[in-house]
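Working notes, beginning with the structure itself.
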Amino acid sequence: MEFIARLAQIVGGSHVLTEASDTAPYCKDWRKQYAGPAECVVLPGSTAEVAAVVRACAEASVAIVPQGGNTGLCGGSVPTGARREIVLATGRMNRIRELDALNDTITVEAGCVLERIQRAALEAGRFFPLSLGAEGSCQIGGNLSTNAGGVNVLRYGNARAQVLGLEAVLPDGRVWDGLRALRKDNTGYDLKQLFLGAEGTLGVITAAVLRLYPRLAARATAWIGLASPRRAVELLGLLRGQLGDRVSAFELASRHCLEAGLAYSGELADPLPAPHPWYVLAECSDSGPQAELNGRVERALALCQERGALEDAALAHSEAQAAALWRIREVIPLAQFTNVKHDVSVPASRIPDFIERAGAALAAAFPRAEPFAFGHIGDGNVHYNVGPEALVAERAQVNRIVYDVVDALGGSISAEHGLGQLKREENLRHKDPLEIELMRALKHALDPAGLMNPGKVL
């Protein structure tokens, strides 16, 4: 086929996959919820090759699905099968182009695995804060395209907050070089923001300049038992009052989630001697001595207990203990692979209201509903999953119930996972019509032929 032959000329024949056995892993999402055929999978090795592939697709009117590690949860990185499509996978573009320790920046290509960037920063005495469960396989291009969050948003912000500069291939094959390592650049529209969180619908991110931070010498991790989400919100306020920005992560989980995670693991143990209805995994970090930070955290927790914000707490006294606490948090979503998942946000102060209202509304419609609530309470992001597995068949109604509660509280139906295919229609229902009009205008301005990741977001 002439089109496939042209792609092979650009990237090399071995980097154009056409056999079903080779393309299958790229055409189905991680959760196996979405799948669609692709004409081929193209594996470019450079920005120039991406640009040439995009030009070829534009000339042939073939749509492009940009894909990183394919670890997304909303079907945003796989074909829909509604038209001629190729998957453009960035895994070969995995170079760290530059690390400037004095400027606290690292310039990386889109296919760099997140964990590798974290490691490179640590080796240079720096810290890259983006951290999430899939960091061993997800790629930074995908992280930026979905504006990923993770556990450190409370202190450092979402993925978009880590980006100083960006390189992207536009839908017509032109390359926009915005790889500026500047913290101040007041020369017009901040164009990089168009591509961050756009899920590949406006162009292909090929490289980025990322912020680095000083490597913090001390880390204190605590597992805290408490009575309710409302107490958790109070606890966060008290801890930040005592410890300030040292509080870098603040994760909420219900007892139901803990039990599911422990059963799934089979190796981890309940960190506290008695059960509690709710838990918080809190982490604090500082540049001073470890003993000094431990003392600060212990005193802060004692004060919070005196004020009734917590019932019990266990502070890790070694790296191994801290890792075990984080492992509990990491297995919680793995223990709930087949249920109705939600990634929503509301103002942090309204999280208790959301959990109460959503639970009551679901119980009224589905008496057997089992909510699993956990997430990043410091930034208002709740992962609200609903079992049992049988309710997956009722996903549309379950979603409608949960999203209506979110909407009533002034929240968002997607906090950190993006929209993809999963939430596209619901987003049109909940988002202000003027916002949708502006988004469509941007899409048409950059991608008038609609070739970039069709069927996603809009």
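Let me confirm something: among VAL113, VAL108, VAL163, which residue is among the aliphatic types (A, V, I, L, M) and out of contact with any Leu (no Cβ under 8 Å at 6 or more places or on another chain)? I'd like the intermediate steps shown before the answer.
Details: VAL108 fails: out of contact with any Leu (no Cβ under 8 Å at 6 or more places or on another chain); VAL163 fails: out of contact with any Leu (no Cβ under 8 Å at 6 or more places or on another chain).
The match here is VAL113.
Would you mention how many residues in region 273-305 are touching an Asp or Glu at 6+ places or on another chain (Cβ under 9 Å) and of a type in the set (Gly, Ala, Ser)?
The qualifying residues number 2.
Any residue at all in region 25-47 that is among the basic types (Lys, Arg) and at pLDDT below 95? Break it down stepwise before answering.
Initial filter on region 25-47 (among the basic types (Lys, Arg)): 28, 31-32.
Now drop any that are not at pLDDT below 95, which leaves 31-32.
There is at least one residue in region 25-47 that is among the basic types (Lys, Arg) and at pLDDT below 95.
Only one of these conditions is not met by GLY308: (1) buried (at least 22 other Cβ atoms within 10 Å of the Cβ); (2) out of contact with any Asp or Glu (no Cβ under 8 Å at 6 or more places or on another chain); (3) in a loop (DSSP other than H, G, I, E, B); (4) among the small types (Gly, Ala, Ser). Which number is it?
GLY308 satisfies all of (1) buried (at least 22 other Cβ atoms within 10 Å of the Cβ); (2) out of contact with any Asp or Glu (no Cβ under 8 Å at 6 or more places or on another chain); (3) in a loop (DSSP other than H, G, I, E, B); (4) among the small types (Gly, Ala, Ser) except (1).
Got a number for residues in region 118-131 being over 18 Å from the mean Cα position of the chain (by Cα), crowded, with 18+ Cβ neighbours inside 10 Å and assigned to a loop (DSSP other than H, G, I, E, B)?
Number of matching residues: 0.
Which residues, taken from region 313-337, are closer than 30 Å to ARG400 by Cα and in a loop (DSSP other than H, G, I, E, B)?
Listed by number, the residues that qualify are ALA335, GLN336, PHE337.
Among (1) over 26 Å from MET1 (Cα atoms); (2) at pLDDT 95 or above; (3) aliphatic (A, V, I, L, M), there is one condition ALA58 misses while meeting the rest; what is its number?
If we test ALA58 against (1) over 26 Å from MET1 (Cα atoms); (2) at pLDDT 95 or above; (3) aliphatic (A, V, I, L, M), just (1) comes out false.
Of the conditions (1) surrounded by 20 or more Cβ atoms within 10 Å (Cβ to Cβ); (2) farther than 20 Å from GLN33 by Cβ; (3) of a type outside the set (A, V, I, L, M); (4) touching a helix residue (DSSP H, G or I) at 6+ places or on another chain (Cβ under 7 Å), ARG329 fails just one. Which one is it?
(4)
Is there a residue in region 412-426 that is farther than 22 Å from ARG31 by Cβ and part of a helix (DSSP H, G or I)?
Taking region 412-426 and keeping what is farther than 22 Å from ARG31 by Cβ, we get none.
No, the conditions are met nowhere in region 412-426.
As an exercise: evaluate ALA408 against (1) among the small types (Gly, Ala, Ser); (2) without any contact (Cβ under 8 Å) to a residue 40 or more places away in the chain; (3) over 30 Å from GLY203 (Cα atoms) and give the number of the one condition it does not meet.
(2)
So, in region 251-301, how many residues would count as being of a type in the set (A, V, I, L, M, F, W, C), more than 13 Å from VAL331 (Cα to Cα) and exposed (fewer than 12 other Cβ atoms within 10 Å of the Cβ)?
Residues in region 251-301 being of a type in the set (A, V, I, L, M, F, W, C), more than 13 Å from VAL331 (Cα to Cα) and exposed (fewer than 12 other Cβ atoms within 10 Å of the Cβ): 2 in total.
The values are calculated or read from the model by the stated rules, or taken from the named source; none is laboratory data. This one's a predicted model, so the numbers in the text were calculated from it and none came from an experiment. Using ideal geometry, Cβ is built from the backbone for each residue, glycine included, and neighbour counts are taken over all protein chains shown.
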